[in-house]
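The structure appears right after this line, and notes come after that.
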Amino acid sequence: MKIALLTSGGDAPGMNPAVRAVARSALAAGAEVLAVREGYEGLVQGWVDALSAADVGGLLDRGGTVLGTARSAAFRGAEGRRAAVATLVNHGAEGLIVIGGDGSLTGASILSTEWAEHLRTLVADGVVTEEQAAAHPRLRVVGLVGSIDNDFWGTDTTIGGDTALHRVIEAIDALTSTASSHQRSFVVEVMGRRCGWLALAASICTGADAVLLPEAPPPDWRTYVLASLEAGRAAGRRHSVVIVAEGARDRSGQPITAGMVQEVLRDVLHQDTRITVLGHVQRGGAPSGFDRIMTTTLGVRAVQEMLEGDDRAIVFGTCGPDLVRHDLDEAVRMSRAASDAAGTGDHERARDLRGDGFEALISLRHILGRPAASPPESAPAVLVLHVGAPAPGMNAVVASVARGALARGWRAIGASDGLRGLLAGDTVELDWMAVDGWVNQGGAALGTNRHPVDAALVVPRLQALGVRSVVLVGGFESIGVAEQLCAQGVPVAIVPATISNNLPGTWRSVGSDTACNAVLEAVDRLRQSAVGARDRVFVVEVMGRRCAALAAASALGSGAELVFVHEDEVDLAQVERASRSLNADFDAGRAVGLVLVADGVDAPYDARSLSRVLEAESGGRFDTRLCVLGHLQQGGRPAPMDRLDGARLGDAAVRWCVEGGTDAVLVGLEGEGVAVVPLPEVLAASDPVHRRPREPGYAGVLALARRLGLGLL
Ligand code: ADP
């Protein structure tokens, strides 16, 4: 089968990993891939060439699209699309994979509908023969959504959205530190002409004072902005940030610009106010871990659909960790309807069409964004504390628990250094300002430790503090601690926060995305260091102990040739096979290799030994270099996904407490939403000996990483 592939519309980081995945998996399945250059313009003009596996090497960490993208006016007309049909038929393409935004996917949908009609005309005009037409009765079309705006219906993420959010929060984090020094206000314009997701998510990830979106105009935006900023300053904030989506509108559908917001802040509040327009920076840079992993999975699935699916034009999106498949026409229609509604000021309909995930973020923003007074001492309290190792995003959870509690009339108390701190009387009342700015800080500001304590001693302490419920923010040990506290009659909610992502009951834990990004950044640098020095294999040890989740995600995101994890029960035969395949790869021309080893793989097959053995058995083909990433992986500012997850889960946990939750639960991620899982279910699903889930959700990612790494796919 010949599959044509193009990227179209606005470029988005992650398009390249998708191109790589499509090409590699199609070639491995014996199909041919035709690269169409410069989007639809290339189809109209006939700019098509065959892709080889080598053509798509080294693409995982490159932003933009190597296929080129353009806006094609010709393709908007029937004549242009007829030329496109001729190009596809003349190159023998039976299928077309389009990676682009709603405009591009609209074009794909129209092309597939009009196919037969154009073919008839082309035969009549003598451009294609009867035989060619008979061999191409229809075109298989699969769409993947490339858009930094996350504006497509029926998917909770789009290719490039997470990377763009990385760029936005890096910029706002940087602005906040200077803004705070000068007590300034910043108005930040974020991309999103018809969709406010980027602005909304950024406002939660950075703790901005106010946000203006196309889909959710306040009754009077000036009053909203002024009141939000005044409340922030009254609470003690030294700076203010207002995020304005490019397409923000008021209730009457009139645009609200960054300049208009600046004017209000200057004229009414007399604040030193600066505007920052982030512009195309948001499209740039290396794709984030999520945008490498998710797009790789999508690319592979798109090819599978091409080879095995029916002739319906379809589009793939995501729902949490899963891929979802929609009819292309319907998805395009609904996406267009949402954009039109946002553009014409019908915000209720726009919000409706954006879906539950969007609505949930708006509610979260309302709860966390508004300064709330501390309730009286007699009010019930929630105690929040950490268990286990620090993970980036833990502070975001605590901030969300605290502000979520205050917004609901409860007090929030933090215990320093976990339960030990509680017993030592080392607790702190978390008022609204106490957690200000925590959302973007790495580490665990409250402190954490793993030391066990006598749960019976905890209860009187909790009673003395007026604590009704406890939120544990931490790793696998939280399960045991929750069991003990629950046995003492204390209601407990666990929020999973560990870079190992080894808790059952959630598909992602807070901190794991940052850790994966840290691994990928380090590996990108290692690879670059070897550009001039050929014949090198890096053996990189990553954290995770006996759970392969981090190693699997890092392997798929980095394109590692091999990955060793504890679950494999590594033995000599496996090492021998790995060595042979790596040697064969170098014989075939590989210059630099990457092997990931989880730190739970025990001697004698740990990373150090593997590095030595692979080199010794390479027959002089390559040298190895061992690199132990260690605590690099636990540090750093949390990635946007961990901030968002932290905010969502912290708030959901405190909601459970306030609503009178009893016994013990784990508040985790399920699909695109949040799920409250009773502790007995968590216990039944966990393997306490190896501290990992019994049925690992990461098995598919690991298998895919391996097949792609060895070129078996
Ligand atoms: P995006 O795909 O990022 O939304 P555009 O809206 O600019 O970007 O669309 C990219 C290209 O897709 C356009 O230049 C055009 O060639 C094609 N396209 C968009 N809308 C249509 C349409 N309604 N009919 C046919 N082709 C379209």
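Here are the numbers for this structure:
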read-out	value
Tabulated pairs, the stretch 171-192, first closer than 29 Å to SER335 by Cβ and charged (D, E, K, R), second open to solvent by less than 20 Å² (accessible area, probe 1.4 Å) and part of a strand (DSSP E or B), C-beta under 9 angstrom, 6+ apart or interchain	GLU189/ILE243; GLU189/VAL244; GLU189/ALA245
Of the criteria (1) modelled with pLDDT under 95; (2) open to solvent by 10 Å² or more (accessible area, probe 1.4 Å), which one VAL48 fails	(1)
Some residue of the stretch 460-474 being closer than 25 Å to PHE290 by Cβ and touching a residue at least 12 places away in the same chain (Cβ under 8 Å)	yes
In the stretch 116-135, the residues that are of a type outside the set (Asp, Glu) and within 15 Å of the ligand (Cβ to nearest atom)	HIS118
Condition met for THR113 (under 25 Å from GLN304 (Cβ atoms), more than 8 Å from the ligand (Cβ to nearest atom) and open to solvent by 10 Å² or more (accessible area, probe 1.4 Å))	yes
Among residues of the stretch 25-82, those that are away from the ligand (no atom under 12 Å from the Cβ), hydrophobic (A, V, I, L, M, F, W, C) and assigned to a helix (DSSP H, G or I), counted	5
Residues (within 12 Å of the ligand (Cβ to nearest atom) and among the hydrophobic types (A, V, I, L, M, F, W, C)) located in the stretch 147-163	ILE148, PHE152, ILE159
Condition met for ASP431 (closer than 19 Å to SER378 by Cβ, among the acidic types (Asp, Glu) and modelled with pLDDT of 95 or more)	yes
Test: ALA18 is open to solvent by less than 30 Å² (accessible area, probe 1.4 Å) and either more than 11 Å from the ligand (Cβ to nearest atom) or without any contact (Cβ under 8 Å) to a residue 12 or more places away in the chain (or both)	yes
Conditions (1) open to solvent by 10 Å² or more (accessible area, probe 1.4 Å); (2) in contact with a strand residue (DSSP E or B) (Cβ under 6 Å, 6 or more places away or on another chain); (3) among the β-branched types (Val, Ile, Thr); number of the one not met by THR297	(2)
Residue list for the stretch 87-104, restricted to those being more than 9 Å from the ligand (Cβ to nearest atom), open to solvent by 10 Å² or more (accessible area, probe 1.4 Å) and not in a loop (DSSP other than H, G, I, E, B)	THR87, ASN90
Hey, ALA402 touching a Phe, Trp or Tyr at 6+ places or on another chain (Cβ under 8 Å) and open to solvent by 20 Å² or more (accessible area, probe 1.4 Å) or not	no
Odd one out for PRO287 among (1) within 22 Å of GLY10 (Cα to Cα); (2) modelled with pLDDT under 95; (3) open to solvent by less than 10 Å² (accessible area, probe 1.4 Å)	(2)
Index of the failed condition, GLN441 passing every other in (1) open to solvent by less than 30 Å² (accessible area, probe 1.4 Å); (2) more than 29 Å from LEU683 (Cα to Cα); (3) touching a residue at least 60 places away in the same chain (Cβ under 8 Å)	(1)
Tabulated pairs, the stretch 146-165, first in a strand (DSSP E or B), second open to solvent by 10 Å² or more (accessible area, probe 1.4 Å) and more than 10 Å from the ligand (Cβ to nearest atom), C-beta under 9 angstrom, 6+ apart or interchain	GLY146/THR65; ILE159/MET294
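Table: residues versus (1) assigned to a helix (DSSP H, G or I); (2) of a type in the set (A, V, I, L, M); (3) crowded, with 18+ Cβ neighbours inside 10 Å.
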| residue | (1), (2), (3) |
| --- | --- |
| ALA578 | yes, yes, yes |
| ALA584 | yes, yes, no |
| ASP602 | no, no, no |
| GLU615 | yes, no, yes |
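The values are calculated or read from the model by the stated rules, or taken from the named source; none is laboratory data. A quick note: this is a predicted structure, and the numbers were derived from the prediction, not measured. Please note: Cβ atoms are built from the backbone with ideal geometry, for glycine as well, and neighbour counts cover all protein chains shown. The protein model used for the area step is the full one, side chains on, heavy atoms only, and it has no ligands, DNA or RNA in it. Shrake-Rupley method; radii C 1.70, N 1.55, O 1.52, S 1.80 Å.
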